[in-house]
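Here the structure comes first, spelled out in structure tokens, and everything after it is commentary.
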């Protein structure tokens, strides 16, 4: 009886709304925002118009119900066929929207909020969002150079710079020439763009990079206590 009463209590929040069950399709309105974790990691959150509560997962006691949830990490999961929905979600950052999808509890280091939202559709609620969907994004041309050097400064904030070897000219945006990603265990990897081979040059740090190879790139601990400055060369493969 106590368990049933607890579930019923969690099913209603302070606004008299029913709490949301995990893995059940629902709609939530709010503002889409991009959260930047010092350049190491970026993710999209839905800032709900009204606080959300969730019902405890009856199948897993490790996933209790959540109360007063105001920010929910929103993502599109699936293969490349969902790229158009991912782009739509990104275009609507900074705008009020209605998102249809299902909630689920955070389970890995990639999940940065306690409650996650698997997006099924997203629609703008303001004129600015409608314009953002219609606006053609400019394409930044990527220069084909023989070789370039990448400097990674992993300190309080991640800074990555790419320069053409020879001319010394900056190659921008750096993410196109030195893409980076972070594991759920907060290990940062920076690599060359596709078609270029990586050669480590130097590391200015008490700790050496965890790994450097062409497939993964060079690995570092994200958010290090002591800054790490590393350089590597990217040369076009024959």
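The values are calculated or read from the model by the stated rules, or taken from the named source; none is laboratory data. Just so it is clear, the model here is predicted, and its values are computed rather than measured. Counting neighbours? That spans all protein chains shown, and the Cβs are built from the backbone with ideal geometry, glycine included.
Residue 207 meets all of the listed conditions (1) surrounded by 14 or more Cβ atoms within 10 Å (Cβ to Cβ); (2) at pLDDT below 90; (3) more than 26 Å from the chain's Cα centre (by Cα) but one, namely (1). Quick one: in region 36-55, of everything that is in a strand (DSSP E or B) and touching a helix residue (DSSP H, G or I) at 6+ places or on another chain (Cβ under 9 Å), which residue is farthest from residue 115 (Cα to Cα)? Ranking the candidates gives 44 first. Listed by position, the strands (runs of 3 or more DSSP E) contained in region 155-200 that have at least 3 residues being touching a helix residue (DSSP H, G or I) at 6+ places or on another chain (Cβ under 9 Å) and at pLDDT 95 or above are 158-164. I'm trying to understand the selection: among the residues of region 222-238, which are assigned to a strand (DSSP E or B) and at pLDDT below 90? Those that are assigned to a strand (DSSP E or B) and at pLDDT below 90: none in region 222-238. Kindly check whether there is at least one residue in region 117-127 that is out of contact with any strand residue (DSSP E or B) (no Cβ under 9 Å at 6 or more places or on another chain) and over 22 Å from residue 38 (Cα atoms). Yes, some residue in region 117-127 is out of contact with any strand residue (DSSP E or B) (no Cβ under 9 Å at 6 or more places or on another chain) and over 22 Å from residue 38 (Cα atoms). Residue count for region 160-193 satisfying the condition of being surrounded by 15 or more Cβ atoms within 10 Å (Cβ to Cβ) and more than 19 Å from residue 211 (Cβ to Cβ): 7. The set of residues from region 133-159 being under 30 Å from residue 95 (Cβ atoms), within 22 Å of the chain's Cα centre (by Cα) and surrounded by 10 or more Cβ atoms within 10 Å (Cβ to Cβ) comprises 133, 157, 158, 159. The residue list 65, 101 contains one member that is surrounded by 18 or more Cβ atoms within 10 Å (Cβ to Cβ), touching a strand residue (DSSP E or B) at 6+ places or on another chain (Cβ under 8 Å) and at pLDDT below 95, which is 65. Quick check: is even one residue across region 78-92 closer than 27 Å to residue 178 by Cβ, surrounded by fewer than 16 Cβ atoms within 10 Å (Cβ to Cβ) and touching a residue at least 40 places away in the same chain (Cβ under 8 Å)? Among the residues of region 78-92, at least one is closer than 27 Å to residue 178 by Cβ, surrounded by fewer than 16 Cβ atoms within 10 Å (Cβ to Cβ) and touching a residue at least 40 places away in the same chain (Cβ under 8 Å), which makes the answer yes.
Evaluating residue 107 against the criteria (1) within 30 Å of residue 61 (Cβ to Cβ); (2) buried (at least 16 other Cβ atoms within 10 Å of the Cβ) leaves one unmet condition, (2). Screening residue 188 with (1) in contact (Cβ under 8 Å) with a residue 40 or more places away in the chain; (2) more than 22 Å from the chain's Cα centre (by Cα) gives one miss only, at (2).
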